[in-house]
Amino acid sequence: MNKHKAKQMRLARRHRAIRGSITGTPEKPRLCVKRTNANIYAMIIDDIKGHTLCSASTLDPAFKETGKVGSNKDAAAFVGELVGKRAIELGITTVAFDRGGHLYHGRVAALADAARGAGLVF
């Protein structure tokens, strides 16, 4: 097995373990973070209904207007602030944070801190 496939399998195992304890409900939806080398995505999900309530990413038109690069902590902070504002507009104040198997470090932590700064509680 090559190193890339092994790394993907370890990430998937960690994500399954996290998802075993975190579930998004209508009262407390799940803030899911997906990170790639080039972009970062954040979605607020109600797992009971299976609906995405709101989302933001570095591919969003609001982010593209800034002219920033999508693969650094500044971009992650912008996405966190954007998803936080969109959630507050929908009346969502508390969420369960799903880091997607990634370490709470770097871009994931920057996104979480910016979402908290926008008014989300987790």
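Each reported figure results from applying straightforward, stated rules to the coordinates on display, with no laboratory input. Treat the numbers as computed from the prediction; the structure is a model and nothing was measured. Backbone-built Cβ (ideal geometry, glycine too); neighbour counts: all protein chains shown.
Some notes on this structure:
- Considering only beta bridges that DSSP places wholly inside the chain, some 75 percent are antiparallel.
- Note on the chain: dipole from Cβ charges, positive end direction compared against 24, 75, 38; the farthest Cα belongs to 38.
- Sorted ascending by nearby beta carbons within 10 Å, beginning with the fewest, 32, 54 become 54, 32.
- Spatial separation of Cα centroids for the range 44-122 and the range 1-18, in angstrom: 23
- Residue with peak Gaussian network fluctuation, the chain [Cα springs, cutoff 10 Å], from 75, 96, 38: 38
- Placing +1 on the Cβ of every Lys and Arg and -1 on the Cβ of every Asp and Glu, with no other charges, gives the chain a dipole of roughly 820 debye about its Cα centre.
- Read-out Cα extents along the principal axes in Å, derived from the coordinates shown; its label in (i) 52, 30, 22; (ii) 46, 37, 21; (iii) 55, 32, 25: (ii)
- Helix-only [θ]222 nm of the chain, DSSP H runs n ≥ 4, -39500 (n - 2.57) each, per residue, nearest 500: -12500 deg cm²/dmol
- All other residues whose Cβ lies under 12 angstrom from that of residue 68 are scored, Lys and Arg at +1 and Asp and Glu at -1, for a net of -1.
- Evaluated over the chain, the count of Lys pairs having alpha-carbon atoms less than 23 Å apart is 16 (only pairs 8 or more residues apart or interchain).
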